[in-house]
Amino acid sequence: MLRLPDGERVDLAAYDAAATPGAPGGKAAAQAATARTGKRLAGLQERLWAASTAGDRRRVLLVLQGMDTSGKGGTVKHVIGQLNPSGCRIQAFKAPTDEERRHHFLWRVRRALPEPGEIGIFDRSHYEDVLIARVHGLAPSTEIELRYPQINDFERALRDDGVTVVKCFLHLSYDEQRRRLLKRLDNPDKHWKFEPGDIDERARWPAYREAYETALQRCSNAAPWYLVPADHKWYRNWAISRLLLAHLEDLDPRYPPADFDVAECRERLLQEG
């Protein structure tokens, strides 16, 4: 229901950011379902990590993209927060440092990839280099054009190396973003999350929408995009937890068999004085 058609033109205006496709009822039912899913995710996460100790190189990378306040951090808190942190690798990509600017735009991304057995989470990602870079003109248009096929090649290489890439675009409405920004201003405890520049960025909403539509269309052949309506936080959390669960169930990681004599070890312990 949430997967975007591969390579087809994307018109974000055609998608309702307040929709709740597939939800198991209203807010309370979805929150209860998310909690149940979290327990199943934790079990699969343990199996994925256990399999890596026997040489299984598979891992998962969850990519979260969306406008400010769309809920990238909230997803990490409410969905990934149910997992064992020792098996997760979370990276929030901010403005590149001077060192990162001296390298290819994928350099810092490669350094943050999950290791075998891990679940990696990108709060923003390599897509910033065809989104904010395009909107703000941080790179020549000819260079940005070259980045789309480079991203596809990069994601294809990840897939071939055992990385399951789950890319979620958190689709937030213009009006809902305004409500969330106002709530931050109304709560002194949330002022640290607000910047006056957030208002300036809203003026660029049409440019960001066009940049996202282009990225969603042109970077889907190696790893598909899932459009997650994000106006309802409870639905966003439920949908992403279900997406993660579906991909982990497809991987079906297994606990590795013992490479020692279980009966002998048990007997030795029982014979201890």
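The values are calculated or read from the model by the stated rules, or taken from the named source; none is laboratory data. These numbers were taken from a predicted model, which means no experiment stands behind them. Because the Cβ atoms are built from the backbone with ideal geometry, glycine has one as well, and the counts that use them run over all protein chains shown. We work out accessible area using only protein heavy atoms, side chains counted, and drop any ligands, DNA or RNA first. Shrake-Rupley method; radii C 1.70, N 1.55, O 1.52, S 1.80 Å.
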query = Out of the residues in segment 139-182 that are within 20 Å of Pro116 (Cβ to Cβ) and of a type outside the set (A, V, I, L, M, F, W, C), which is least open to solvent (accessible area, probe 1.4 Å)?
reply = Glu155
query = So which residues in segment 114-144 are without any contact (Cβ under 8 Å) to a residue 40 or more places away in the chain and either closer than 30 Å to Glu46 by Cβ or of a type in the set (Ser, Thr, Tyr) (or both)?
reply = His126, Ser141, Thr142
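Yes/no matrix, rows are residues, columns are (1) in contact with a strand residue (DSSP E or B) (Cβ under 7 Å, 6 or more places away or on another chain); (2) in a helix (DSSP H, G or I); (3) on the phi < 0 side of the Ramachandran plot:
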position: Val60; (1), (2), (3): yes, no, yes
position: Gln91; (1), (2), (3): yes, no, yes
position: Glu99; (1), (2), (3): no, yes, yes
position: Pro114; (1), (2), (3): yes, no, yes
position: Tyr127; (1), (2), (3): yes, yes, yes
position: Ala139; (1), (2), (3): no, no, yes
position: Glu143; (1), (2), (3): no, yes, yes
position: Ile151; (1), (2), (3): no, yes, yes
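Table: residues versus (1) in a loop (DSSP other than H, G, I, E, B); (2) touching a residue at least 40 places away in the same chain (Cβ under 8 Å); (3) over 16 Å from the mean Cα position of the chain (by Cα).
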{"position": "Asp6", "(1), (2), (3)": "yes, yes, yes"}
{"position": "Gly22", "(1), (2), (3)": "yes, yes, yes"}
{"position": "Ala30", "(1), (2), (3)": "no, yes, yes"}
{"position": "Ala51", "(1), (2), (3)": "no, yes, yes"}
{"position": "Arg57", "(1), (2), (3)": "yes, yes, yes"}
{"position": "Val63", "(1), (2), (3)": "no, yes, no"}
{"position": "Val76", "(1), (2), (3)": "no, yes, no"}
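Condition check ((1) within 23 Å of Trp234 (Cβ to Cβ); (2) at pLDDT below 95) across all residues:
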site	(1), (2)
Arg179	yes, no
Leu182	yes, no
Asp186	yes, no
Gly197	no, yes
Pro206	no, no
Arg209	no, no
Gln217	no, no
Ala222	no, yes
key: Subset of segment 219-248 [open to solvent by 30 Å² or more (accessible area, probe 1.4 Å), under 17 Å from the mean Cα position of the chain (by Cα) and closer than 18 Å to Gly162 by Cα]   = Ala246, His247
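Quick one: would you say Ala207 is surrounded by fewer than 19 Cβ atoms within 10 Å (Cβ to Cβ), touching a Phe, Trp or Tyr at 6+ places or on another chain (Cβ under 9 Å) and aliphatic (A, V, I, L, M)?
No: the conditions fail for Ala207.
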key: Which listed residue, of Arg218, Arg180, is touching a residue at least 40 places away in the same chain (Cβ under 8 Å) and under 14 Å from Thr69 (Cβ atoms)   = Arg180
remark   = In segment 91-109, anything touching a Phe, Trp or Tyr at 6+ places or on another chain (Cβ under 8 Å) and open to solvent by 80 Å² or more (accessible area, probe 1.4 Å) is listed as none
